[in-house]
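I have placed the structure first, in the form of structure tokens, so that the comments after it can refer back to it.
The values are calculated or read from the model by the stated rules, or taken from the named source; none is laboratory data. The model shown is predicted, which means the values in this text are computed figures rather than measured ones. Cβ placement follows ideal geometry from the backbone for every residue including glycine, while neighbour counts extend to all protein chains displayed. Areas reflect the complete protein model, heavy atoms only, side chains present, ligands, DNA and RNA absent. Shrake-Rupley method; radii C 1.70, N 1.55, O 1.52, S 1.80 Å.
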Amino acid sequence: MSNESVEQPGSCRFCKSELRHTFVDLGMSPLCESFLRHDQLNQMEAFYPLHAFVCDKCFLVQLQEYVSPEKIFTEYAYFSSYSESWLEHCRRYTEQIIARCGLNRHSLVVELASNDGYLLQYFVKNGVPVLGIEPAANVAQAAVEKGVPTLVRFFGAQLAAELAGEGKQADLLVGNNVLAQVPDLCDFVAGMKVLLKPQGVFTLEFPHLLRLMEGNQFDTIYHEHFSYFSFLAAEKIFGAQGLVLFDVEELPTHGGSLRIFGRHCEDDSKPLSPRVLEMRASEEAAGLSRLESYRCFAERVKQTKRRLLECLIRAKQGGGSIAGYGAPGKGNTLLNYCGIGRDFLDYTVDRNPYKHGLFTPGTHIPIYPPEKIREARPDYLLILPWNLRTEIMQQMAFIRDWGGRFIVPIPEATICW
Ligand SMILES: [Zn+2]
């Protein structure tokens with residue numbers, strides 16, 4: 001291993017050990033949701049290191065806090081309610097968890113990073129009292145308009161103590177895709193311990209590090225995500241605050257996620273599910289408790305970059321034109337790391353009307369509505385949200401009419417007819 005960091009990587013977000021080992025270094029990159037207007041193209045752009053480390057004591061994969069959460073989460077508000085499949089996922093979860101925990105009108109459900117009330121609205125419909133906690137004021141406002149009471153605050157031990165002091169503790173504490181975005185992990189989990197009733201349950205969903213590594217999903221690493229969790233690391237982090245993970249489910253969301261179920265270690269009313277033992281065993285078998293497994297990842301990522309570039313260079317040298325499909329955050333990690341600009345992609349298209357007329361950060365590729373593909377008839381379509389490739393290849397099947405082909409970049413660059 002030749003490329004140890006010359007930076008001062010600092011200490012582990014969880015166990016405070018010195019960080020000495022690179023997981024993957026994706027170079028300098030702008031914030032992946034900082035799309036540009038036309039009049040910003042000639043201005044300076046902020047680039048930050050996108051260098052992930054793995055802790056050799058607790059195996060938490062992590063980025064330094066290069067950009068403050070205030071800057072990220074108050075400026076780049078993301079409304080969860082735009083995706084129908086995600087809402088359906090949340091509605092089903094609500095039904096299951098109400099039955100499993102026996103929640104009723106005397107219970108309290110608290111969600112951390114409750115966004116626009118996309119989830120809590122289903123508890124409200126079922127007559128279960130809720131409280132949302134959300135730092136972005138404009139998305140919190142949308143939640144309040146749906147009838148979801150929401151506190152505009154960042155969550156931590158301080159806020160948990162205030163709420164518990166007012167007699168507000170949770171029967172169910174929920175956090176979906178928030179744990180990765182927490183800079184002070186120990187303070188956040190300590191707050192969960194304080195806010196949870198003695199017999200309460202918490203559930204959290206986050207992308208599974210095992211799937212990221214197996215699927216070579218390096219483009220899901222971005223500045224907004226400070227931490228990348230295995231189940232083994234999550235058990236240590238919650239265990240340190242007196243919380244036990246008693247069940248776990250695997251979900252298909254975000255390229256493969258985990259939903260963990262936790263309780264107080266003093267609460268012996270909820271036995272350990274066999275799925276906990278199976279998950280530990282499968283992560284052990286995949287090498288997630290050995291440093292060497294993590295250190296192999298960086299080399300695979302470099303290979304993926306070279307193969308994707310080879311594929312694009314061949315397409316261009318054969319006289320082909322290439323367009324992108326999608327402008328997701330992960331697409332920007334991929335394009336910036338691989339150095340793919342307008343020399344390869346003439347433009348990209350996206351279904352989100354808010355992105356039309358804007359340009360991708362760093363690489364300045366223009367974003368059009370999907371209809372552009374029919375007019376321009378590109379020879380190749382590079383699918384940036386590769387996790388949706390099946391759906392996109394069906395929607396865009398008509399490019400085959402003029403001999404167009406799809407390029408899927410991850411896990412390995414592949415051309416599909
Ligand atoms: Zn550590």
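Would you confirm whether any residue within the stretch 244-255 is touching a Pro at 6+ places or on another chain (Cβ under 7 Å) and at positive phi?
Yes.
Would it be correct to say that residue 80 is more than 16 Å from the ligand (Cβ to nearest atom), at pLDDT below 95 and open to solvent by 20 Å² or more (accessible area, probe 1.4 Å)?
On the way: more than 16 Å from the ligand (Cβ to nearest atom): yes; at pLDDT below 95: yes; open to solvent by 20 Å² or more (accessible area, probe 1.4 Å): no.
The answer is no for residue 80.
Residue by residue through the stretch 84-115, note down the ones that are in a loop (DSSP other than H, G, I, E, B) and over 21 Å from residue 163 (Cβ atoms).
Once the filter is applied, which keeps residues that are in a loop (DSSP other than H, G, I, E, B) and over 21 Å from residue 163 (Cβ atoms), the stretch 84-115 yields only 102.
Step by step: first the residues of the stretch 302-355, then only those that are among the charged types (D, E, K, R) and not in a helix (DSSP H, G or I), then the one that is surrounded by the fewest Cβ atoms within 10 Å (Cβ to Cβ). Which residue is that?
Per the criteria, the residue is 343.
Quick check on my filter: what residues within the stretch 181-224 are open to solvent by 20 Å² or more (accessible area, probe 1.4 Å), over 18 Å from the mean Cα position of the chain (by Cα), in contact (Cβ under 8 Å) with a residue 60 or more places away in the chain and within 15 Å of residue 155 (Cα to Cα)?
Selection gives 186, 193.
Quick one: how many residues across the stretch 12-26 are open to solvent by 40 Å² or more (accessible area, probe 1.4 Å) and within 8 Å of the ligand (Cβ to nearest atom)?
2
Mind listing whichever residues of the stretch 376-391 are in contact with a strand residue (DSSP E or B) (Cβ under 8 Å, 6 or more places away or on another chain) and either open to solvent by 10 Å² or more (accessible area, probe 1.4 Å) or over 18 Å from residue 312 (Cβ atoms) (or both)? First the steps, then the outcome.
Quick first cut of the stretch 376-391, residues in contact with a strand residue (DSSP E or B) (Cβ under 8 Å, 6 or more places away or on another chain) only: 376, 378-386, 389.
376, 379, 380, 385, 386, 389, listed by residue number.
Return the residues of the stretch 226-253 that are open to solvent by less than 30 Å² (accessible area, probe 1.4 Å), of a type in the set (Val, Ile, Thr) and not in a helix (DSSP H, G or I); say none if nothing qualifies.
Once the filter is applied, which keeps residues that are open to solvent by less than 30 Å² (accessible area, probe 1.4 Å), of a type in the set (Val, Ile, Thr) and not in a helix (DSSP H, G or I), the stretch 226-253 yields only 248.
Within the stretch 208-225, how many residues are within 23 Å of residue 279 (Cα to Cα) and part of a helix (DSSP H, G or I)?
8
Tell me which of these residue 59 doesn't satisfy, since it passes every other one: (1) free of Cβ contacts under 8 Å to residues at least 60 places away in the same chain; (2) aromatic (Phe, Trp, Tyr); (3) open to solvent by 10 Å² or more (accessible area, probe 1.4 Å).
Of the numbered conditions (1) free of Cβ contacts under 8 Å to residues at least 60 places away in the same chain; (2) aromatic (Phe, Trp, Tyr); (3) open to solvent by 10 Å² or more (accessible area, probe 1.4 Å), the odd one out for residue 59 is (1).
Just to be sure, is residue 341 over 21 Å from residue 218 (Cα atoms) and more than 23 Å from the chain's Cα centre (by Cα)?
no
Quick check on my filter: what residues within the stretch 339-374 are under 11 Å from residue 322 (Cα atoms) and of a type in the set (D, E, K, R)?
Scanning the stretch 339-374 gives 342, 343, 346.
Which residue is surrounded by the fewest Cβ atoms within 10 Å (Cβ to Cβ), if the candidates are limited to the stretch 35-56 and must be assigned to a loop (DSSP other than H, G, I, E, B) and within 16 Å of the ligand (Cβ to nearest atom)?
Top of the filtered list is 56.
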